[in-house]
1. Going through segment 28-54 one residue at a time, which ones are under 14 Å from Met81 (Cα atoms) and either β-branched (Val, Ile, Thr) or loosely packed, with under 13 Cβ neighbours inside 10 Å (or both)?
2. Can you work out which of the residues in segment 67-96 that are touching a Gly at 6+ places or on another chain (Cβ under 8 Å) and crowded, with 17+ Cβ neighbours inside 10 Å is nearest to Trp10 (Cα to Cα)?
3. Mind listing just one residue for me: the one in segment 69-91 that is touching a helix residue (DSSP H, G or I) at 6+ places or on another chain (Cβ under 8 Å) and assigned to a loop (DSSP other than H, G, I, E, B) and, of those, modelled with the lowest pLDDT?
4. Quick one: in segment 19-51, of everything that is outside any loop (DSSP other than H, G, I, E, B) and among the aliphatic types (A, V, I, L, M), which residue is farthest from the chain's Cα centre (by Cα)?
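The values are calculated or read from the model by the stated rules, or taken from the named source; none is laboratory data. Fair warning: this is a prediction, and the values are worked out from it, not measured in the lab. Note: ideal-geometry Cβ built from the backbone for every residue, glycine included; neighbour counts use all protein chains shown.
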Amino acid sequence: MQRNIASYRWRHDTPYTVAGAPAGGPSTYILMFDMMEPHPAQGWPHENSPNRWDGHGKDGGNAVFADGHASWTPAKRWRDMIFKSQDYIASYPIAP
């Protein structure tokens, strides 16, 4: 697994990633983060995005990374961080 993480290249083009470019290594890969579920009945279809119903609310969230560090990421930086970590496709339902 360590070799895979160190050599991984992004597969998707998004505003935050370029397909084929090196993905940044263990310090960018999230292993786990605060629960952030969609709440469609309340008009929130976004998954894995800070929101007022889960975790720390709309302020941001905690994450543990593959290099062993943990950090708080404010909501204004969450989208950038999660796309770089998870290599989501551009249409993944993250909050704007």
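1. Thr28, Ile30, Met32
2. Lys84
3. Tyr88
4. Ala41
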